[in-house]
Amino acid sequence: MIISITSLKGGVGKSTLSQNLAVCLAHIGYKVAIIDTDTNASSVHWSGLRPDNLPSVAVFGISDSEALSKNAKKLVQDYDIVLIDGTPSLSRLVSTIILLGDMVLIPIKPSALDVWATEKFIEKYDQASVIKDVKAYFILNQYDANLSFNRDSKEVLSDLNIPILKSTLKTRVAYVEAVVQGLGVYEYKDKKARDEMAALCNEIVTLFP
Ligand SMILES: Nc1ncnc2c1ncn2[C@@H]1O[C@H](COP(=O)(O)OP(=O)(O)O)[C@@H](O)[C@H]1O
Ligand SMILES: [Mg+2]
């Protein structure tokens, strides 16, 4: 199965989510790979730091649309789950990423700027949906229900035709610290981060097509 993690904006948590989800899924027992499509190669770097004694997550860097299609279809035969860590652009690559996914996850920060950016994304998604029916879900990253503008952003998103997952991620130092040790927060000392990531991962597993 291929899970595409995409958005039209950078810095919303695509790589963070890819790595952390990969780690949780690997702990559950799935054989997991990440294809890092961003030229900043952050998941590739992360994998280089990952300790050998932890469940392995293979990471491949591919940022060309044709090579991605070809390799994703090959890798899906060797791995239970291939996560595609997306790139922020309006390029063909984004359409390819959406179309390859059996499931599409869209991390989003709950701010007006980020919500406005989804309009263009939804256009891309709607175009892709004509070719193939792809299930997509928003994931609220760096969400704080105590902040009214966060709640407002959620409200606006809930009017769109893409459902929002119940599990959300808060802003936590653990996400920034774990990555430089090649870990997922599921393997890190912050219990709240671990618990919220496990909850998100479990919710996603129940939605597997
Ligand atoms: N929930 C979070 N809490 C704290 N920092 C976060 C969180 N999610 C992402 N970040 C940080 O925000 C930055 C951008 O995240 P990243 O996953 O690289 O985004 P993208 O891949 O979409 O460009 C990174 O420095 C990352 O560590
Ligand atoms: Mg990234």
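Read-outs: derived from the displayed coordinates by stated rules, not from any lab. Keep in mind it's a predicted model, so treat the numbers as computed, not measured. Quick reminder, even Gly has a Cβ in these numbers, built from the backbone with ideal geometry, and neighbours come from all protein chains shown.
General remarks:
- Hits in the range 43-57 - residues which are surrounded by fewer than 16 Cβ atoms within 10 Å (Cβ to Cβ) and either under 19 Å from K14 (Cβ atoms) or of a type in the set (A, V, I, L, M, F, W, C) (or both): G48, L49, L54
- Of all residue pairs spaced 6 or more apart or on separate chains, those with beta-carbon atoms under 8 Å, a first member in the range 45-66 that is in contact (Cβ under 8 Å) with a residue 12 or more places away in the chain and a second member that is of a type in the set (K, R) and surrounded by 18 or more Cβ atoms within 10 Å (Cβ to Cβ) are S56/R50; V57/R50.
- Hits in the range 132-179 - residues which are within 16 Å of ligand 2 (Cβ to nearest atom) and either closer than 17 Å to K9 by Cβ or surrounded by 14 or more Cβ atoms within 10 Å (Cβ to Cβ) (or both): I139, N141, Q142, L169, Y175, A178, V179
- One residue stands out among those in the range 1-54 that are of a type in the set (S, T, Y) and assigned to a helix (DSSP H, G or I): the one that is farthest from the chain's Cα centre (by Cα), which is S47.
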